[in-house]
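S.K.: The structure follows.
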Amino acid sequence: MEYEVIDTQVSPTGRLEILSRTEAAKLLDIGHGGLHQLYRDCSLAVLNCGNELDDGKELLERYRDFDIRIMQRQRGIKLDIKGAPASAFVDGKMITGIREHLFAVLRDVIYVSEEIRGNPRFALDTSGGVTDAVFHILRNASVLQPRTDPNLVVCWGGHSVGREEYEYTKVIGYQLGLRGLDICTGCGPGAMKGPMKGAAIAHAKQRIGTGRYIGFTEPGIIAAEAPNPIVNELVIFPDVEKRLEAFVRAGHGFVVFPGGAGTAEEILYILGVLLHPSNADVPFPLVFTGPKSAENYFRQIDQFVGATLGVEAQRLYKIIIDDPVQVAREIQAGIKLVRNFRKQQRDSYYFNSMLKIEHDFQRPFHPSHENMRKLKLHRNQPRHTLAANLRRAFSGVVAGNVKNEGIREIEKHGSFEIQGDAAIMGPMDALLASFVAQQRMKLSSKKYNPCYRIVAETAA
């Protein structure tokens, strides 16, 4: 099947107009160790904005002739683009927001390569070193804004949601926006796009011309969840773990909408962090919400959390069904507590440095068949450690569903095998089955073929 494509050249604005010869050479390098493949794949994902496709492998195969090269000139650089999706253009001219995203990819790929990886300044084998790296990536992208009151709401939820749930996320965003709150999401479609859309309308009504719609992504997921066009601040992190940490460090209030395995991963991540004894007194507004039709969804999530992590984890969030005004008020009140706490502790408003995040939540997890089988999914460990391992299990399911490398791994070796105590595997199997039944795993209307197999171990 042929897809309409366009060749073009575009110039950046601001500091990216000038790159050093070394930086340009790294991006041009198509050999071993070069950045070109990473840069090319992320750029294609950004240009695919608005297309209903959440299969990273299919995207790369659909536009296999796509390429992007840096042209060095005396007065700066230009991007030479071949075979770009035509949907990124209007009358032959690239949409401004997509062009901004394209240069955000360039900025972050260069920065992580030049300043983070291999830099002895960042001890990435330590918890503090990873947090420092996340801070610098955010600062380099100008996300951190001092001298501003806390007002950033992180919204998590699925990319594959029904119309009623999508409309509900817009209403929530609208209510948050009316209260002057900004939005940060995983930047893709569905429950990531809806809150931004609603907040944008509310900001316009309130004559707020500085509304922020921040999107955090990473190379593995960006092809499956292309940044939606409302995002006006895009950051590409090197891996999902740093992306998740960026959410909890930069955000002030958190709203979770219905979703699939990726949303479960995010829930387990934050609950695992908050279960650490060091974080017991840190205020952290966390609300699960959806329309009336999603009530059963959150009942299943709550039951899974209770069965695996216990009552203490269930106390860390509030479930509010079909009441957008109450959600917005709850988040607004929670953010006031965050502000007072940070002020008393003399912690910054723009980066939550007091939150303790164990290295278990920061180490990049590669979901190979061997690594998935070796996950420790049993009760004989601290709850926050179990949460870290459960998070990895759901991360593997996400990879097998939509990420290029994960899909190829499944095609080559078959389904991932997830094994552990029957008391944990039973609730996990039931939760994943509900995601499949509710069509939350993929955008495609085709029958979903599970990329995983649950194996329950019986006690000896």
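The values are calculated or read from the model by the stated rules, or taken from the named source; none is laboratory data. None of these values were measured; they are calculated from a predicted model. Here the Cβ is made from the backbone with ideal geometry for all residues, glycine too, and neighbour counts use every protein chain on show. Side chains are part of the model used for accessible areas, which takes the heavy atoms of the whole protein and leaves out ligands, DNA and RNA. Shrake-Rupley method; radii C 1.70, N 1.55, O 1.52, S 1.80 Å.
S.K.: Rounded to the nearest 0.05, what FRET efficiency is calculated for GLU164 and GLN314 with R0 set to 41 Å and r the Cβ-Cβ distance?
M.R.: 0.95
S.K.: In debye, nearest 20, what is the charge dipole magnitude of the chain about its Cα centre with +1 on Lys and Arg Cβ and -1 on Asp and Glu Cβ, if you could check?
M.R.: In debye, rounded to 20, the chain gives about 1040.
S.K.: Restricting to Cα atoms and excluding each atom paired with itself, what does the Kirkwood estimate give for the range 227-357 in Å?
M.R.: Every distinct Cα pair counted, the radius reaches 15.9 Å.
S.K.: Enter the accessible area of TYR166 (Å², nearest 10), with the probe set to 1.4 Å and all protein chains included.
M.R.: For TYR166, the solvent-accessible surface is approximately 30 Å².
S.K.: Calculate I(q)/I(0) for the range 303-415 by the Debye formula, one identical point scatterer on each C-alpha and no solvent, and give its log10 at q = 0.16, 0.19, 0.20, 0.24 Å⁻¹ to two decimals.
M.R.: Those come out to -1.00, -1.10, -1.12, -1.21, one per q.
S.K.: A further question follows. Counting other Cβ atoms within 10 Å, which trypsin sites (Lys or Arg not before Pro) in the range 187-291 have at most 14 and lie in a DSSP loop?
M.R.: ARG207
S.K.: Just subtract the alpha-carbon distance of ALA430 and GLN344 from 0.36 nm times their residue separation and send over the number in nm, one decimal.
M.R.: Stretched out fully, the ALA430 to GLN344 stretch lengthens by 26.6 nm.
S.K.: Find the accessible area per residue for the chain; the probe is 1.4 Å, ligands and nucleic acids are left out, and the unit is Å².
M.R.: 43
S.K.: Could I ask something else about it? Treating the beta-carbon of each Lys and Arg as +1 and of each Asp and Glu as -1, no other charges, what is the dipole magnitude of the range 156-231 about its Cα centre, to the nearest 20 debye?
M.R.: That gives the range 156-231 a dipole magnitude of about 380 debye.
S.K.: What's the FRET efficiency of ALA456 with GLU405 using the Cβ-Cβ distance as r and R₀ = 41 Å, to the nearest 0.05?
M.R.: That gives a FRET efficiency of 0.90.
S.K.: Take the alpha carbon atoms of the chain, find their radius of gyration, then divide it by 2.2 N^0.38 Å using N residues; give the quotient.
M.R.: Ratio of Rg to 2.2 N^0.38 Å for the chain: 0.94.
S.K.: Over all directions, how big on average is the projection of the convex hull of the alpha-carbon atoms in the range 166-294, in square nanometres?
M.R.: 8.1
S.K.: Measuring from label point to label point, each 7 Å out along Cα→Cβ, what is the GLU370 to ASN449 span in nm?
M.R.: 2.5
S.K.: Determine the relative contact order of the chain: mean sequence separation of Cα pairs under 8 Å and six or more apart, normalised by residue count, in whole percent.
M.R.: For the chain, the relative contact order is 16 percent.
S.K.: Another question about this same structure. With all protein chains present, calculate the accessible area of HIS366 using a 1.4 Å probe and round the result to the nearest 10 Å².
M.R.: Number for this one is 100 Å².
S.K.: For a test of the definition: using alpha carbon positions, the gyration tensor, and the 1.5 limit on a/c, classify the range 260-318 as rounded, prolate or oblate.
M.R.: prolate
S.K.: Of ILE208, GLY310, PRO427, whose Cα points farthest to the positive end of the dipole of the chain (charges on the beta-carbon: +1 Lys, Arg; -1 Asp, Glu; origin at the Cα centre)?
M.R.: Highest projection toward the positive end goes to ILE208.
S.K.: Any idea what the relative contact order of the range 326-460 is, in percent, if you count C-alpha pairs under 8 Å spaced at least 6 apart?
M.R.: With pairs under 8 Å counted, the relative contact order is 22 percent.
S.K.: Next question. Quick check: residue separation of ALA437 and LYS336 times 0.36 nm, minus the Cα distance between them. What number comes out in nm?
M.R.: 32.4 nm
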